[in-house]
Amino acid sequence: MMLDSETTKTYTRPISKAWWLRDRGHFNRRYFMFLLRELTSVFVALYVVLFIYEIFLLTKGPDAHAAFRESLNSGPWIAFHIIALLFALYHSYTWLGLTTKMQAAGRGLVKIGTKTLPPILIALGSYGAWIVATIIIAYLFLTL
Amino acid sequence: MNYKEHKSEPFWWGMFSQGGVIAALLIPIHIFLGGIAVHLGLIDAELMSHERLTGLLQNPLVKLYLCVLLIFTLYHAAHRIRFTLAEIGLHSLAKVLPFLCYGGALVGTAVVLYILWVLF
């Protein structure tokens, strides 16, 4: 870590490069889960780029697209999608769970009159929206 | 960390959270349908055929949906990757990462718009 002695003299506690695995000699589960949560973005990005590539191949004709689909139908690619799905699910779980935390913090986000709604209702709302969106997309994809 | 906030910072944070909601609600089902279910034979392979998908893309609402899905999630990922890379030790790149990550999302936006509204 580089400190510019002219602009700051603040003490910075030395942090190991692998702080998310070992911090001061200990495994810290919270740090590890935090990094996993941040890593979900890598899988979201990879999947979205793959998705865009497939749409591009659609413009190249049936053969190019069929060859692409054929290559996705292989162990490594199916494994990639399963791992990406697990990370995506973890993103959904943590992201939608934030609404509950915001509701629990301070005076809450959603109120009726002066009453703050219990966080569990907010959780039901946001996870419920996820389930509804999932069903709608699946239904449209299978029937359109 | 030792960097000044750029005035565009609120925009990137806004796109990050917008994309975060969209990714949370929609990405898992897409991965499951197109990447897993079809290959495990849970759904008909014809659903992912060229003829079927190009047919879907004739519908402007489908195109609009894909624009929202793909573009916002790119900004979400770009923002988080920017901070993740700094967190795991690339502090020295803290000044370059925003350009690389947001630049990637901007290029991705242009590519998505070009493919969906020009090539199709």
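The values are calculated or read from the model by the stated rules, or taken from the named source; none is laboratory data. Source: prediction; values computed, not measured. Virtual Cβ from ideal backbone geometry, glycine too; neighbours counted across all protein chains shown.
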Looking at (1) farther than 30 Å from residue A:17 by Cβ; (2) surrounded by 13 or more Cβ atoms within 10 Å (Cβ to Cβ); (3) more than 7 Å from chain A (Cβ to nearest Cβ), find the lone condition where residue B:104 falls short. (1)
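Mind checking whether some residue in the stretch A:66-80 is more than 9 Å from chain B (Cβ to nearest Cβ), among the small types (Gly, Ala, Ser) and over 30 Å from residue B:49 (Cα atoms)?
Looking for residues that are more than 9 Å from chain B (Cβ to nearest Cβ), among the small types (Gly, Ala, Ser) and over 30 Å from residue B:49 (Cα atoms), one finds none in the stretch A:66-80, hence no.
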Checking the conditions here, which among A:13, A:24, A:29 is out of contact with any strand residue (DSSP E or B) (no Cβ under 7 Å at 6 or more places or on another chain) and on the phi > 0 side of the Ramachandran plot? A:24
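Looking at B:50, B:76, can you tell me which residue is touching a residue at least 60 places away in the same chain (Cβ under 8 Å) and of a type outside the set (Gly, Ala, Ser)? I'd like the intermediate steps shown before the answer.
Values: B:50 fails: touching a residue at least 60 places away in the same chain (Cβ under 8 Å).
None of the other options fit; the residue is B:76.
Here's the yes/no breakdown for (1) modelled with pLDDT of 95 or more; (2) outside any helix (DSSP H, G or I); (3) buried (at least 18 other Cβ atoms within 10 Å of the Cβ); (4) facing chain B (nearest Cβ under 7 Å):
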| residue | (1), (2), (3), (4) |
| --- | --- |
| A:39 | yes, no, yes, yes |
| A:91 | yes, no, yes, yes |
| A:103 | no, no, yes, no |
| A:106 | no, yes, no, no |
| A:122 | no, no, yes, no |
Here is a check on your reading of the model: is residue A:21 free of Cβ contacts under 8 Å to residues at least 12 places away in the same chain, in contact with a helix residue (DSSP H, G or I) (Cβ under 8 Å, 6 or more places away or on another chain) and assigned to a loop (DSSP other than H, G, I, E, B)? yes
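Of a type in the set (Ser, Thr, Tyr) and facing chain A (nearest Cβ under 8 Å): which single residue out of B:49, B:17 fits that description?
Just a single option satisfies the conditions, and that option is B:49.
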